[in-house]
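See structure below.
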Amino acid sequence: MNSSLEPLRQSQAWVERFVVALDVCPFARRETERDSIRYVPVDASDVEHLLLTLIEECRHLDASPQTETTLLVLIAGAEDFAHYLDCLDLGETLLEQQGYEGTYQLASFHPDYVFGGTAPDDPANYTNRSPWPMLHILREASIERALAHFPRPERIPERNVALMRKLGIESLAARLDDLKRS
């Protein structure tokens, strides 16, 4: 297989075998079954290129209602978590500046994700750990529709944290490592 496709293949496997299999996002199964998730590789070494790609993908989503969401898979240039967070902040600011606030929002995933106020080895961080750094472009209208039909959506993060802590750091690290080797 072409090595440039590895990050996309591993990211798709993570969505299917981690996010959907563990029901981390109760809305992801439907979109994987519909094949409505777009995976786009981006070299984030050039932050301007990353931001241009982000806006191009928003425009793609504007023109393609059959595509529910896009995962920008950052194949280079975002390995450092602090730098990744800077890119995320720039992306969110750009969405606002381009008039996409209220239309799209970004969810963030990174192999070294650490929530503020948690230790790096807290299993709860695995709710946002992925094999590759990613910016996930979500349609806000879809989120609102899904949450309106989901009982007690505020419990989703609580449930995920409890699940990650039950699975434990060793098990979760092994799952992520397996996805990177598959």
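Readers should treat all values here as calculations from the given coordinates under stated rules, not as data from a laboratory. Keep in mind it's a predicted model, so treat the numbers as computed, not measured. Cβ atoms come from the backbone with ideal geometry, glycine included; neighbour counts cover every protein chain shown.
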Task: Coarse-grained scattering of region 95-166 at q = 0.19, 0.20, 0.23 Å⁻¹, given as base-10 log I(q)/I(0) from a Debye sum over alpha-carbon atoms - done: -0.95, -1.01, -1.11
Task: Where only C-alpha atoms are counted, convex hull volume of the chain per residue in Å³ - done: 122 Å³
Task: Span from the region 8-57 Cα centroid across to the region 161-182 one, whole angstrom - done: 19 Å
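Where does the chain land at 222 nm, in deg cm²/dmol rounded to the nearest 500, when only DSSP H runs of n ≥ 4 count, each adding -39500 (n - 2.57), divided by all residues?
Numbers: 7 runs with 85 residues, N = 182.
So the helix-based figure for the chain works out to -14500 deg cm²/dmol.
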Task: region 28-126: chymotrypsin sites (Phe, Trp or Tyr not before Pro) falling in loop per DSSP and having at most 15 other Cβ within 10 Å - done: F115
Open item on the list: Compute a Gaussian network model of the chain, connecting alpha carbons closer than 10 Å, and tell me which residue from P133, P157, P65 fluctuates the most.
Closed with: P65
Task: Choice from A13, A76, A146 with maximal GNM fluctuation in the chain (Cα, 10 Å cutoff) - done: A146
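Among DSSP bridges having both ends in region 3-181, what percentage is antiparallel? Round to the nearest 5.
Numbers: 10 of 17 bridges.
Around 60 percent antiparallel, to the nearest 5.
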- [ ] Compute the FRET efficiency between R9 and I143 as 1/(1 + (r/R0)^6), taking r as their Cβ-Cβ distance and R0 = 35 Å, and round to the nearest 0.05.
- [x] 0.85
